[in-house]
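Below is one structure, written out as structure tokens, with a few remarks after it.
Please treat every number below as a calculation from the coordinates, not as lab data. These figures come from a predicted structure and were not determined experimentally. Positions of Cβ are generated from backbone atoms using ideal geometry, with glycine treated the same way; all protein chains shown enter the neighbour counts.
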Amino acid sequence: MNRKSIRIATISACAAMAVAVTGPMASAAQAERAVKAHHAQQTDQVTNAQDGIDLLAAVEENGFEERLLALPKNPSAEQVAEAMYPGNKEAQEAALPILERPATEIASGQANDGGAVMYGWSWKKTLKVTQCVGALGAFVAGNALLVMKAKKFGGVVKGAKLIVQAGNKEERLKLVIAMFGEVTGVTGLVKSCS
């Protein structure tokens with residue numbers, strides 16, 4: 001091999017390595033864009049649904065904890081619904097019957113959908129999580145320390161999903177105590193998220 005051939009082989013090898021290294025990066029970025037586009041499409045479908053609204057997808061998570069912090073302690077269901085769905089009167093009206101209804105009604109399957117729909121979860125679980133988001137929101141409302149502790153677990157919505165997914169009452173209680181410590185009202189919160 002002469003010098004020119006070695007130089008061409010070296011440049012070709014470097015180019016191949018550069019493509020091999022940057023190819024997966026481009027693929028990861030493309031995948032991330034595709035996931036964001038899919039999420040935006042699902043949100044649009046929920047927003048434009050004629051037959052109801054997906055109450056979990058409609059929760060405005062951006063700034064949710066700050067809106068809860070602005071509420072008084074022991075807020076009304078209307079105040080919690082406004083914090084969950086700011087400016088979305090349709091979602092607020094669909095959520096109010098769920099937030100006001102006893103957890104036992106939802107657990108027993110006696111609950112009516114109230115015009116809400118869901119995507120990707122069972123209807124019963126959607127009701128439970130929506131009610132738990134409201135109960136957890138009311139629990140931390142107006143208390144900066146509890147809001148900060150909820151944020152450590154990914155926020156109120158993620159915390160509510162974790163609580164509902166816990167296997168039984170004892171596991172839910174352990175999870176809530178791990179999240180907030182032994183503060184007054186944790187057993188009521190667990191009961192609301194059953």
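Given H placed 1.01 Å from N in the peptide plane, which residues other than close sequence neighbours of residue 54 have an amide H under 5 Å from its amide H?
Excluding prolines and chain starts, which carry no amide H, the hits are 117.
Anything over 24 Å Cα to Cα? Flag those among 89/191; 124/191; 73/124; 73/125, in the order listed.
89/191; 73/124; 73/125
Would you mind calculating the gained length between residue 33 and residue 158 on full extension (0.36 nm times residue separation, minus the Cα-Cα distance), in nm to one decimal?
Taking 0.36 nm per residue and subtracting the Cα distance, the gain is 42.7 nm.
Evaluate the distance, in nm, between pseudo-label points positioned 7 Å from the Cα of residue 169 and of residue 144 along their respective Cα→Cβ axes.
So the label points at residue 169 and residue 144 sit 3.6 nm apart.
Could you work out how far apart the two model spin labels at residue 89 and residue 74 are, taking each label as a point 7 Å from the Cα in the direction of the beta carbon, and quote it in nm?
Output for this residue pair reads 3.1 nm.
Applying 1/(1 + (r/R0)^6) with R0 = 30 Å to the Cβ-Cβ distance of residue 60 and residue 191, what FRET efficiency is obtained, to the nearest 0.05?
0.70
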